[in-house]
Amino acid sequence: MSDELDIIGADLTVDLPDGRHVRFAHLDYAASAPAVRVAADAVRDLLPLYGSVHRGTGRRSQKSTLEYERARDIVAEFLGCRPGDEVIFTRNTTDALNLLARSLPPGTTTIVFDGEHHANLLPWPSPLRLPAPTDPGAAVAAVAEALSSVRGPALLAVTGASNVTGEIWPVRRLADVAHAHGARVVVDAAQLAPHVPLDLDALGADYLALSGHKLYAPFGAGVLAGRQDWLDEAEPYLYGGGASATVGDFAGDVTWATGPARHEGGTPNLIGAVALGAVCDALLRADRAALLEHEQNLLAGLDGVSLFGGAVPRVGIVSFAVPDPAGVAAVLGRDYGIGVRAGQFCAHPLVRRLTGAATTAGCETAPGLLRASFGLGSTAEDVTRLVDALHDLRLL
């Protein structure tokens, strides 16, 4: 693997209560992936010429505008964007999906499974929520049945890979059913993008959203990519400079821009966009098959751990049940130098179903799960330390 994809801070060590110093085993990539060297280098190189984007004729502004639009082109290539697709920079996946929700034609029905991350569960104005399916065939059948009764514009909002179980969803099969019923498809690719190559056409997606901080870039940059028409016909997501082409002397006398500028009002996150573009460029040149194989080998190292989702294709994300998951996560961090995540991972309905918990009178009763997630920089030693620690705690 090229050193440009080396993890910044991979050699971080922590002190344990018994006096030992160990390398920190970061197994929480699904929450936020650490930045890679190419992202840090891109930021370092740009800062001496950092300036306003699309706002000036001076050297700083011209350089910044050039790099910002270059990042947009790289992201478009990374996602396999088609002629006419737009790439809009946002803050993160949640922001991107909220933007699309605000851009839907009036009366649009959104089909969404209740196993989604809240970012893809909550924004939609007229959702038709389906129970989380037990298998891919059930998912396809449920979408077909739901869409058979929908009249007017419709959108299927589906995850690419679950942030709870790591399961890779049958997006193409779902998209084919949706398109057969005249519906469009948006893919929440926050957890898919760091692990497998993306292509809008291959997925059958009309739109796709992702977050930079899941993709080895700094916080604060995300993307909504996809078909132009709904986005150009919608009211701007943010009113202000950049989104407006002309402003008259009277209230409401505004001509809004078309293209990405329509929804990128205000000064954009240049540093975040450029860092994200640099990571996408590096991944385009990387051997993604080798990276995925390494990740699958790490998953195979979880010997004896009973995983939710069963024997299904998955990215490097696994969740399992333990007593007091929050307490276990705290012990793993403090006494073993292992970072994992405990809780419901902003996917409350799915975790309730997996744990058999319920909500009573608005009170959440689900204890949550323990989640480990891998990515670039994860090692077999990290996985072995986790398994050994779970044995040591008598949880396996």
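Annotations for the structure displayed:
- For Arg184, the residues whose modelled amide H falls within less than 5 Å of its own, excluding neighbours fewer than 5 places apart on the same chain, are Ala154, Leu155, Leu156.
- Spin-label pair Glu145/Arg82, simplified geometry with 7 Å Cα→Cβ offset, distance in nm: 3.0
- Take every DSSP beta bridge whose two residues both sit in the chain; close to 60 percent of them are antiparallel.
- Each stretch of four or more DSSP H residues adds -39500 (n - 2.57); spread over every residue of the chain, this sum gives -10500 deg cm²/dmol at 222 nm.
- A simple spin-label model places pseudo-atoms 7 Å from Cα toward Cβ; at Arg394 and His181 they are separated by 5.1 nm.
- Stretch gain in nm, segment Asp73-Arg173, where the contour uses 0.36 nm per residue and the Cα spacing is subtracted: 33.2 nm
- Mean silhouette area of the chain, derived from the convex hull of its C-alpha atoms and averaged over all directions, reads 21.9 nm².
- Simple spin-label estimate for Thr57 and Asp135 in nanometres, 7 Å along Cα-Cβ: 6.7
- Residue (of Ser64, Val150, Phe89) at the positive-pole extreme of the stretch 30-155, dipole from beta-carbon charges: Ser64
- Along the stretch 140-150 the Karplus relation, 6.51 cos²θ - 1.76 cosθ + 1.60 evaluated at θ = phi - 60°, assigns HN-Hα couplings of 5, 5, 5, 5, 4, 5, 5, 6, 5, 9, 8 Hz to successive residues, with x for each Gly and Pro.
- Placing R0 at 35 angstrom, the Cβ-Cβ distance between Ala290 and Glu235 gives a FRET efficiency of 0.20 after rounding to 0.05.
Bear in mind that the values in this text are calculations on the coordinates, not laboratory data. Predicted model only: the values in this text are computed from it and were never measured. When we count neighbours, we look across all protein chains shown, and the Cβ atoms used for this are built from the backbone with ideal geometry, even at glycine.
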